[in-house]
Amino acid sequence: MIMPYKLEIDGLSAWFDQKQVLKKISMKIPDKSVIALIGPSGCGKSTLIRCLNRMHELIPGARVEGRVLLDNVDIYDQKVDAMEVRRKIGMVFQKPNPFPNMSIVDNVVAGLKLSGKKNKKDLMSIAEYRLKSVGLWDEVKDELKKSGASISGGQQQRLCIARALAMEPDIILMDEPTSALDPASTAKLEELVQKLKSEITVMIITHNVGQAARVSDYTAFIYLGELIEFGETKQIFESPKNPLTERYITGRFG
Amino acid sequence: MLAEPEYLTEINLKLKEMQEAIRNIGSAVQSALLNRQKGTSASICAMSQTIHRIDEEITDKCVEALIRHQPFAGDLRNITVALKISYDLARVGRYLYNVTQIIDDVGGEDCEVGEISSMLEEARDMIDQSMNGYFKKDYALAENMTYRDDKIDERYRQVLSKYKEMKNVKGECIMLNALVARIVERMADHACYISNESLYLITGKRQTIRAPKCNER
């Protein structure tokens, strides 16, 4: 059976207590693509991606309605294990968060160790492979035992991506991954995002519309909890259909 | 309608300057043609050079806007459209200069020029109206230009047919009419291109009007 979409969001709404923060969002996300989520602060972008790997439900008073289908299986189905969902849909946060008391290598394989992988040779081999796939290996190969927190911010962020990749996810969600990085580190991370899509689907939240235009294949514009427009990035940035999208990406409001 | 960013206002002021320069040069060329007045090409060339200089200034401003402001959507379309329109106007300036070169080279004091002069007047108005359509983002005005261009194309073919079949007519009159009619036909094409850029600016949908129609005859 052909799976045309990796992820299908169907009428997704979310609340914090009584406050509705997402309103019936529906999107079909193709496999092996980069999707940028843009919109003003507080519009619901972060809540949306937290709903996609069931992190939203960890907040007291938070609630979700609608369906999120990963490979045609609803991740909110009662039979589905939330931990397994989070393994398949990894997350990289705004600020790099390596485990400071672990070495660079241990950071990469921390999740694997937790899930029961013990063979040191295998773990080292996976760490090397993942550090290479995020372009970090040559920069850190002589100091693998140093703390994950001892490297630069940009390197830490790529280390966190290597850690997420080690779990062999289908999708990685990135919440403003370059907001704390300098231009050179940002460029490296953007290059990495492009590379990653040969393997997995990436959803990236960014406030930098230029970055959305550079790295993504599809762009979704969210405003006040509603999906205003979703389409191919070229179309959204050249000829958006909705005047609100036009106003946002041309800097008329934020 | 969205407020225009300052860099687009500056670019549009330059395009207005070009439009005004084309009006002036067009008026001078029209007079030179009607009077078959030799020796005007030097002054018209200087005016045409001014238009080229403004074209270069617009290119610089557009490049700067792309680098500094990274425009998107309507603003991005407007930059690409301004670049093309500026080039179209520079070409029109060059064509007007070419008309005076032909008058200088061919002469044609006794030649009938009523039709080509009328065509030139129409093409000048088309350029002017296409620019007005751009500034006002007037869809109807821009859309009408294709129709007017078709009429000019038809008149160009009629001029060629007429002089091809005419007997006892001076060679210089054939040359003057055929060459000027061809130039005017090209000017009208550029009016059409400008209008199509306006349509793209307004709708966001590209048309392939600049590509040659290989089987149009």
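The values are calculated or read from the model by the stated rules, or taken from the named source; none is laboratory data. Owing to the predicted nature of the structure, the values given are computational and were not obtained by experimental measurement. A quick note on method: Cβ atoms are made from the backbone with ideal geometry, for glycine too, and the neighbour counts reach across all protein chains shown. The protein model used for the area step is the full one, side chains on, heavy atoms only, and it has no ligands, DNA or RNA in it. Shrake-Rupley method; radii C 1.70, N 1.55, O 1.52, S 1.80 Å.
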When residues of segment A:201-231 are limited to those that are farther than 10 Å from A:Ala36 by Cβ and at pLDDT below 95, the one surrounded by the most Cβ atoms within 10 Å (Cβ to Cβ)
A:His207
Filtered residues of segment A:223-240 (kept if assigned to a loop (DSSP other than H, G, I, E, B) and at the interface with chain B (Cβ under 8 Å from one of its Cβ atoms))
A:Ser239, A:Pro240
What about A:Lys23, is it under 18 Å from the mean Cα position of the chain (by Cα), surrounded by fewer than 19 Cβ atoms within 10 Å (Cβ to Cβ) and in a strand (DSSP E or B)?
no
Got at least one residue in segment B:117-131 being buried (at least 18 other Cβ atoms within 10 Å of the Cβ) and over 13 Å from the mean Cα position of the chain (by Cα)?
no
Taking B:Ser27 and the conditions (1) more than 25 Å from B:Asn177 (Cα to Cα); (2) part of a helix (DSSP H, G or I), which numbered condition does it fall short on, given that it satisfies the others?
(1)
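The rows are residues; the columns are (1) at pLDDT below 95; (2) assigned to a loop (DSSP other than H, G, I, E, B); (3) not charged (D, E, K, R).
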| position | (1), (2), (3) |
| --- | --- |
| A:Ile49 | no, no, yes |
| A:Gly66 | no, no, yes |
| A:Leu69 | no, no, yes |
| A:Arg87 | yes, no, no |
| A:Lys95 | yes, yes, no |
| A:Phe99 | yes, yes, yes |
| A:Gly116 | yes, yes, yes |
Determine which single condition A:Tyr218 fails, assuming it passes every other condition in (1) within 14 Å of another protein chain (Cβ to nearest Cβ); (2) hydroxyl-bearing (Ser, Thr, Tyr); (3) in contact with a strand residue (DSSP E or B) (Cβ under 7 Å, 6 or more places away or on another chain).
(1)
Close pairs (7 angstrom Cβ cut-off, 6 or more residues apart or separate chains): without any contact (Cβ under 8 Å) to a residue 60 or more places away in the chain in segment B:192-204, outside any helix (DSSP H, G or I) anywhere:
B:Asn196/B:Gln207; B:Asn196/B:Ile209
Do we have any residue at all in segment B:29-50 that's open to solvent by 50 Å² or more (accessible area, probe 1.4 Å) and within 25 Å of A:Ala213 (Cα to Cα)?
no
Answer residue from segment B:62-72, given it is part of a helix (DSSP H, G or I) and open to solvent by less than 60 Å² (accessible area, probe 1.4 Å) and is nearest to A:Thr250 (Cα to Cα) among those
B:Ala65
Members of segment A:106-164 found to be open to solvent by 50 Å² or more (accessible area, probe 1.4 Å) and touching a strand residue (DSSP E or B) at 6+ places or on another chain (Cβ under 6 Å), listed by number
A:Lys145
If you take the residues in segment A:241-254 that are part of a helix (DSSP H, G or I) and facing chain B (nearest Cβ under 10 Å), which one is nearest to A:Ile25 (Cα to Cα)?
A:Thr245
Could you give me the residue pairs with C-beta distances under 9 Å whose first residue belongs to segment B:1-29 and is within 14 Å of another protein chain (Cβ to nearest Cβ), whose second residue is open to solvent by less than 60 Å² (accessible area, probe 1.4 Å) and among the aliphatic types (A, V, I, L, M) wherever it lies, and which are 6+ apart or on separate chains?
B:Pro5/B:Ala65; B:Tyr7/B:Ala65; B:Tyr7/B:Ile79; B:Leu8/B:Ala65; B:Leu8/B:Ile79; B:Leu8/B:Ala82
